[in-house]
Structures are given as C-alpha cells and as structure tokens.
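Data first, discussion second: the structure below is written as structure tokens.
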Amino acid sequence: MQGRDIALVIGAAILAVLLTGLLGGGMMMGWGMMGWRGVGFYPVGWILMLVFWGLIIGGLILLGIWLFRTLAPSVAAMAPSSRPLEILQERYARGEITREQYEEMRRLIEER
C-alpha cells in the first residue's frame, strides 16, 4: 500500500468515527440516525448519514484496490523475457540456422 493510500484509509476511518459521534452514537441518542429533531425534520442528519456511508463505501473501494494491486501479478513480472532471444543466439552459434534465418527470427521476436 502506498503512503497516499494509507493516509486516505486512516483519514476515512477517523472521519467515520467523528461522524458517528456527531450522529449521537446510535439511533436512540442525540440526533438519531434519520435526523429527526423534536417536531420537525432536520436535514443535516441525512447529509451526515450520506457522508458517513460514502466514507465507508469509499474506504472499502480503496481496500479493494489495494488488495488487487498487492495480490495481482506486477507488470514487470508479465514483461516478455529475453530467453527466446538467448535460445536463438545459441542456435545460431551452434550453426543450426543461417545468418538470414537468425536475422528474420530475431526481428519477429523483437516485434512481439
């Protein structure tokens, strides 16, 4: 995980904890989960709830991206190896192929 990703996950976790505290810690305390306050409707509770769940979902997405990058094979590992060219050079050195065959095969290998 890169430093920026770690900072984003930690920041999302801290904001989630802070927003949970702003929401009153649960449905029966403070503003409540739905933002009702006394007689009227209190829209800030809804906004805070949306932000809270957005942070939770965003954190899960970042976690998934990090896991994918960590567990997926790297691009360097998928790079074509130079082994086919080495084999071709060995065959040419042993005299199994002519210079023209060597040049054409080398060109085909390098085009891949």
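For the reader, a short list of remarks on this structure follows.
- Of the residues contained in segment 29-39, one or more are found to be modelled with pLDDT under 85 and either outside any loop (DSSP other than H, G, I, E, B) or not assigned by TED's automatic domain parsing to the domain that holds Ala12 (or both).
- Residues located in segment 90-107, provided they are surrounded by 13 or more Cβ atoms within 10 Å (Cβ to Cβ) and under 42 Å from the mean Cα position of the chain (by Cα): Met105, Arg106
The values are calculated or read from the model by the stated rules, or taken from the named source; none is laboratory data. Quantities reported herein were computed from a predicted structural model and do not represent experimental measurements. Positions of Cβ are backbone-derived with ideal geometry, glycine not excepted, and every protein chain shown enters the neighbour counts.
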